[in-house]
Amino acid sequence: MPPAATPTPALRPDQVRRYARHILLPDVGGVGQARLLAATVAVVDGDAGAVAFDYLARAGVGALVLVGDGGAPLDAAACARRPYLLDPAGAAGQPRAALVAAWLAQLGPDVTVTWAPHPPAGVPVATPDADLSVDEATDPAEVLRAGARAAIAVLHRLVAAGAGPGAGPGVGP
């Protein structure tokens, strides 16, 4: 993330307690934690996205954008494999974005969650308001390259993440 253009706000006492371990790290400190709280990260929904949401919320990133079909209700099969469901039995039929927002509110009380529709197939994810985008690395190499070009066009970083048997850049589905 580039240096902050504006001064970072002071942390509240409850935030100092919550993020004390981060603040003690020489490379983070209070200023770094305040910058995390002011940051926005766009995450493409999926298995890697669920893991990224978890860690980003716990780290104190202030705004997360769920890129995907967040308004779509989950079916029973999808509920069984989603780690972010607080009540898997009651989640079927609920909008994905609402379920993710409820889960993240418990992990990080300072995080706000918004939803952005996933672009059509072959169109890279680029959220201009985000400081960083996280996308699945199991996409074909040309899709990853298009995503990198889109991130460069809006002047932010792209992290490609994912794992699976025999999957990786250019080898995935």
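The values are calculated or read from the model by the stated rules, or taken from the named source; none is laboratory data. Here the structure is a predicted model, which means the values were calculated and not measured. Positions of Cβ are backbone-derived with ideal geometry, glycine not excepted, and every protein chain shown enters the neighbour counts.
Quick look at the values:
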read-out: Checking Gly62 against (1) under 14 Å from the mean Cα position of the chain (by Cα); (2) over 22 Å from Gly147 (Cβ atoms); (3) modelled with pLDDT under 90, the condition it does not meet; value: (3)
read-out: Subset of segment 116-173 (residues that are out of contact with any Ser or Thr (no Cβ under 9 Å at 6 or more places or on another chain), within 22 Å of Leu36 (Cβ to Cβ) and either at pLDDT below 65 or surrounded by fewer than 16 Cβ atoms within 10 Å (Cβ to Cβ) (or both)); value: Pro128, Leu155
read-out: Near pairs, Cβ below 7 angstrom, 6+ apart or cross-chain, from segment 96-117 (closer than 15 Å to Gly49 by Cα) to any residue that is in a loop (DSSP other than H, G, I, E, B) and β-branched (Val, Ile, Thr); value: Leu104/Val111; Ala116/Thr127
read-out: Arg81 being modelled with pLDDT of 90 or more and among the basic types (Lys, Arg); value: no
